[in-house]
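One structure below.
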Amino acid sequence: MQVKIHPSWQAHLQSEFDKPYFEKLVAFVRQEYATTTVYPPGRLIFNAFNLCPFEQVKVVLIGQDPYHEPGQAQGLCFSVNDGIQFPPSLINIFKEIHSDIGTPPPTSGDLTRWARQGVLLLNATLTVREHQAGSHQRHGWEEFTDAVIRTLSAERDGLVFILWGSYAQSKSYLIDSRRHLVLRSAHPSPLSAHRGFFGNHHFSQANAYLRSLGKEEIQW
């Protein structure tokens, strides 16, 4: 597995790539791809970074694990390829967008359009075995993605961090809330969406914050 990541990220994260934990992680992931079915396809492991260069990040949306069924994962949290049935959480995200800002639910679950506008769709773990949720957790990915969040917080100003659910909110300590807007709510999963995700107005709040800084809004 080569680390094929946008040069802007390479410049800010090279120190992570040089650490022993990352070398172990690369060896583990390479072995997994060689011996079993792993998602997303290898070329898309760093898709979130390649679609959204470091200097272009405006919003950071934190997920946990890639989808683990065939054809779903594409290296962007909550996003699925065209032609794939929308997962329940994504359906609820689109419902909240419609309720919050009036944008009708799209026909595509591919969130590449958000990434190209500056939304870093970051899963805490970037790979997973087929049919085995969480199977690549605690092998080094979380250390890497924590470093991504910490670096963005320290080296950029005026970002929006969106933390849905207790897992994403556990990353709060990595973010300087004096320099950035941090939005927290329940997760969009059907198990928790009615406990504070619906009605959180995160999409309009994010755009209002970006607008206040003279930045272009996200077309959700």
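Tabulated values for the structure
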{"read-out": "Residues of region 82-122 classified as within 17 Å of the chain's Cα centre (by Cα) and closer than 20 Å to E216 by Cα, total", "value": "11"}
{"read-out": "Spans of helices (runs of 4 or more DSSP H) in region 1-120 with at least 3 residues farther than 23 Å from L159 by Cβ and β-branched (V, I, T)", "value": "20-35"}
{"read-out": "Top-ranked residue of region 79-110 - restricted to ones that are among the acidic types (D, E) and under 21 Å from S192 (Cα atoms), ranked as surrounded by the most Cβ atoms within 10 Å (Cβ to Cβ)", "value": "E96"}
{"read-out": "Hits in region 111-147 (condition: open to solvent by 70 Å² or more (accessible area, probe 1.4 Å) and in contact (Cβ under 8 Å) with a residue 24 or more places away in the chain)", "value": "R113, R116, R129, H131, Q132, A133, H139, E143"}
{"read-out": "Residue list for region 182-215, restricted to those being in a loop (DSSP other than H, G, I, E, B), without any contact (Cβ under 8 Å) to a residue 60 or more places away in the chain and more than 23 Å from P87 (Cα to Cα)", "value": "L213, G214"}
{"read-out": "Hits in region 148-169 - residues which are loosely packed, with under 13 Cβ neighbours inside 10 Å and in a loop (DSSP other than H, G, I, E, B)", "value": "D157"}
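The values are calculated or read from the model by the stated rules, or taken from the named source; none is laboratory data. It should be emphasised that the depicted structure is a prediction, and the values quoted were computed from it without experimental measurement. Positions of Cβ are backbone-derived with ideal geometry, glycine not excepted, and every protein chain shown enters the neighbour counts. Heads up: the accessible areas ignore ligands, DNA and RNA and are worked out on the full protein's heavy atoms, side chains in. Shrake-Rupley method; radii C 1.70, N 1.55, O 1.52, S 1.80 Å.
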